[in-house]
């Protein structure tokens, strides 16, 4: 039994996902920035280690969402309208 793949707004018959497993070493943010600025590599070709957000960061995020929930709702609605108008 094959698992259904996520195809977004496209028909599943129109989507082919080709993946090749590769081993990409972590690149520091500073090294990544240097390579991008010197046009040695594209950002999508490098990965940097990402840590989980701290409890303090998450608390700040949730407080910001509470403080700005009406603006966020308006902005999401506006974006949805613009996307819908383009279809």
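The values are calculated or read from the model by the stated rules, or taken from the named source; none is laboratory data. Here the structure is a predicted model, which means the values were calculated and not measured. With ideal geometry, Cβ positions are generated from the backbone for all residues, glycine too; neighbour counts draw on all protein chains shown.
General remarks:
- Restricting the stretch 34-52 to residues that are closer than 13 Å to residue 24 by Cα and surrounded by fewer than 10 Cβ atoms within 10 Å (Cβ to Cβ) leaves a set whose member that is modelled with the lowest pLDDT is 44.
- Extreme residue, modelled with the lowest pLDDT, among residues of the stretch 17-32 that are loosely packed, with under 13 Cβ neighbours inside 10 Å and under 13 Å from residue 48 (Cβ atoms): 24
- Pairs, first closer than 10 Å to residue 47 by Cα in the stretch 13-26, second surrounded by 10 or more Cβ atoms within 10 Å (Cβ to Cβ), C-beta under 7 Å, six or more apart: 24/47; 26/47; 26/48
- Test: residue in the stretch 72-87 that is surrounded by 10 or more Cβ atoms within 10 Å (Cβ to Cβ) and not in a helix (DSSP H, G or I): no
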